[in-house]
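The block underneath contains the structure these notes are about, expressed in structure tokens.
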Amino acid sequence: MLKGFRDFLMRGNVVDLAVAVIIGGAFGQVVNSLVADVLTPLIGALGGAPDFSALKLGPIALGKFINAVLNFVVVAAAIYFLVVVPMRQVERRLKKEAQAAPPPPPEPPEEVRLLREILEELRKKA
């Protein structure tokens, strides 16, 4: 039973998933800090205070919902423009480089190499 558990934990995709979750959490902190500490103050400086939490429609706290939606839009924009777009450009550049460099010719089969060696030996003797 413990061997099966060990084998489960050591499968490649389990370890990859664990690393992805940890990196994703750390990256989430970076994005949240970018939004809270950089972009939100910039938006506030340009258009007034970007906090709508005091806005209520009767008993409904509409302002908190608006803040959540705006936060989502700002986070999505930050991820798109600061991560997705640059990664696409890098992928395109790497793809162009890979297409520009012709792939090396495939290694000939063993029979072809032997025939070439025999041909070279015959040419030397002639």
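The values are calculated or read from the model by the stated rules, or taken from the named source; none is laboratory data. If you're wondering where the values come from, they're calculated on a predicted model, not measured in any experiment. So basically every Cβ, Gly included, is an ideal-geometry build from the backbone, and we count neighbours across all protein chains shown.
So here's what we get for this one:
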read-out: Extreme residue, nearest to Asp51 (Cα to Cα), among residues of the range 64-97 that are more than 15 Å from the chain's Cα centre (by Cα) and in contact (Cβ under 8 Å) with a residue 24 or more places away in the chain; value: Asn71
read-out: Residue within the range 16-37 that is among the hydrophobic types (A, V, I, L, M, F, W, C) and more than 27 Å from the chain's Cα centre (by Cα) present; value: no
read-out: Long-range neighbours under 7 Å by Cβ, at least six apart or interchain, first residue surrounded by 10 or more Cβ atoms within 10 Å (Cβ to Cβ) within the range 39-63, second outside any helix (DSSP H, G or I) and of a type in the set (Gly, Ala, Ser); value: Gly63/Ser53; Gly63/Ala54
read-out: Among the residues listed as Gly44, Gly63, the single one being in the same structural domain as Phe27 (by TED's automatic domain parsing) and either closer than 20 Å to Phe27 by Cα or part of a helix (DSSP H, G or I) (or both); value: Gly44
read-out: Qualifying residue in the range 3-24 (condition: free of Cβ contacts under 8 Å to residues at least 24 places away in the same chain and within 17 Å of Val69 (Cβ to Cβ)); value: no
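The rows are residues; the columns are (1) assigned by TED's automatic domain parsing to the domain that holds Val35; (2) closer than 19 Å to Val31 by Cα; (3) among the aliphatic types (A, V, I, L, M); (4) surrounded by 11 or more Cβ atoms within 10 Å (Cβ to Cβ).
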{"position": "Val69", "(1), (2), (3), (4)": "no, yes, yes, yes"}
{"position": "Phe72", "(1), (2), (3), (4)": "no, yes, no, yes"}
{"position": "Val75", "(1), (2), (3), (4)": "no, yes, yes, yes"}
{"position": "Ala98", "(1), (2), (3), (4)": "no, no, yes, no"}
{"position": "Pro102", "(1), (2), (3), (4)": "no, no, no, no"}
{"position": "Glu110", "(1), (2), (3), (4)": "no, no, no, no"}
{"position": "Arg113", "(1), (2), (3), (4)": "no, no, no, yes"}
{"position": "Ile118", "(1), (2), (3), (4)": "no, no, yes, no"}
